[in-house]
Amino acid sequence: MKLDNVQLSDFRNIASASLHPSHSLTLITGKNGSGKSSLIESLFYLGFGRSFRTVKHTSVIRNNSDKFSVFAKCITDMGEELNVGLQRSRSEQFLCSINGEHSNRLTDLVSRIPLQLFTPQSTDLIIGSPGERRRFIDWGLFHVEHNFNKVFQTYHRLLKNRNALLKQGALLTAKENAYWEQQLAAVGEELNVRRKSYVDELQSVFNHISSEFLPEFCLEISYYKGWEKELSLAESLVKKSAYDIKVGFTSSGPHKSDLRFKVDGTIAQELLSRGQLRMAVAALQLAQTKLFQQQTSRKSIFLLDDVGAELDIEKRERFIDGLLAMDTQLFVTAIEREQLAFIDKYKDKKMFHVEHGRVNEE
Ligand SMILES: Nc1ncnc2c1ncn2[C@@H]1O[C@H](COP(=O)(O)OP(=O)(O)OP(=O)(O)O)[C@@H](O)[C@H]1O
Ligand SMILES: [Mg+2]
């Protein structure tokens, strides 16, 4: 997928902008507060339907405006034209459009735009909460397996039901309880099987990439399914049911699953420097990009915000080389072009400069 033309209006400090990015590398420079991350954030909306900086959609609407919109003309990997757009107003109404047809289902839009993001906060993928890592795994499944979203939604609906009962302190009669638990356990096992096999595949791609990208140390990833290894989910729910009633929520299941990182046998969080953590995340995302291509023969879009932060120049180059070698459409922001002193070697690039929310091609 390539974004061929992007049009924004009233997004953060950008009143309006229209740009034809490169299908390969697009560099966006500008001073602090000029609007670089805002531009990246608007593209992120196409792939996720939300911001990566706030949960409040109204925060991204330009001050004194009523709504923002982002439209893009895309060229799919089959060479077809796809027109998508998203609009959100202060009254929390949102509308997306796909080839002129309106939809109020966000999935219709985001399932078409496989997009990844790397920012200085991306180290949260390793040091942040397990939810970040589950989202990372699920991105790979969501864009590859058509009915993954259904399995995911069903599991979380059943979990919500069980938790509501647990909160009331009243699990149903033994018979009713067994019925709901069976359902939860069956869908939960299904979710687990998919996540586990995704991580298995990712591991081999990751091992290869990290040995080239991070030759300094040996990083390993492993999968934790969210309950005791030897038990089935049904058995774990039964074993934990007295505890679950006491605490008022379901304490085991794929909603607790996680990815674990070790460096030469030690927990990565305890050993790696900030820059090394960023490198490890970069390697993980390169692996995800590669696996996505292997599984779908499609190309993803990659947003790289603030490339200068905590990555030395050699690593920046290696990361960008790695992404471009996979024919990923890459958007990179930097305060100054000098942060990418090696940029002249890329032929098929476009450069934009942002100043007080105005985006100009250089
Ligand atoms: N809703 C809004 N309406 C108008 N302006 C906003 C809104 N939200 C944020 N801003 C302003 O938009 C500007 C651009 O912010 P942005 O984070 O995009 O800058 P940046 O170029 O990425 O800067 P940095 O190099 O510091 O990361 C900031 O001055 C910010 O105060
Ligand atoms: Mg920024």
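Per-structure values
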read-out: The chain: antiparallel DSSP beta bridges as a percent of all, rounded to 5; value: 70 percent
read-out: Between helix 233-247 and the chain: long-axis angle, C-alpha atoms, 0 to 90°, nearest 10; value: 90 degrees
read-out: DSSP-assigned coil residues among chymotrypsin sites (Phe, Trp or Tyr not before Pro) in region 10-99, each with at most 13 further Cβ atoms within 10 Å; value: none
read-out: Theoretical gain in end-to-end length, residue 78 to residue 212 [0.36 nm per residue, Cα-Cα removed]; value: 45.1 nm
read-out: Max mean-square fluctuation residue, GNM over the chain, Cα-Cα springs under 10 Å, options 149, 207, 177; value: 177
read-out: Qualifying GluC sites (Glu not before Pro) in region 160-245, DSSP loop, other Cβ atoms within 10 Å at most 11; value: 216, 230
read-out: Full-extension gain in nm, residue 180 to residue 362, via 0.36 nm per residue minus C-alpha separation; value: 59.5 nm
read-out: Point-to-point label distance, residue 90-residue 269, nm (Cα→Cβ direction, 7 Å offset); value: 4.1 nm
read-out: Subset of 56/239; 31/73; 56/347; 262/290; 240/262 violating a 31 Å alpha-carbon distance limit; value: 56/239; 56/347
read-out: DSSP loop trypsin sites (Lys or Arg not before Pro) with at most 11 other Cβ within 10 Å: longest gap in the chain; value: 106-228
read-out: Crossing angle, helix 148-167 versus the chain [Cα axis fit, 0-90 degrees, rounded to tens]; value: 50 degrees
read-out: Angle in degrees between helix 274-296 and the longest Cα principal axis of the chain, rounded to the nearest 10; value: 80 degrees
read-out: Of the GluC sites (Glu not before Pro) in region 1-110, those whose Cβ has at most 12 other Cβ within 10 Å and which sit in DSSP loop; value: 80, 92
read-out: Euclidean distance of C-alpha centroids, region 288-313 and region 1-76, integer Å; value: 18 Å
read-out: Charge dipole of region 127-296 about the Cα centre (unit charges at C-beta), most positive-ward option of 265, 292, 129; value: 129
read-out: Percent accessible area from carbon and sulfur atoms, the chain, protein chains only, probe 1.4 Å; value: 49 percent
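The values are calculated or read from the model by the stated rules, or taken from the named source; none is laboratory data. Because the structure is predicted, anything quoted here is derived from the model rather than measured. Please note: Cβ atoms are built from the backbone with ideal geometry, for glycine as well, and neighbour counts cover all protein chains shown. Just the protein is used for accessible areas: all its heavy atoms, side chains included, with ligands, DNA and RNA removed. Shrake-Rupley method; radii C 1.70, N 1.55, O 1.52, S 1.80 Å.
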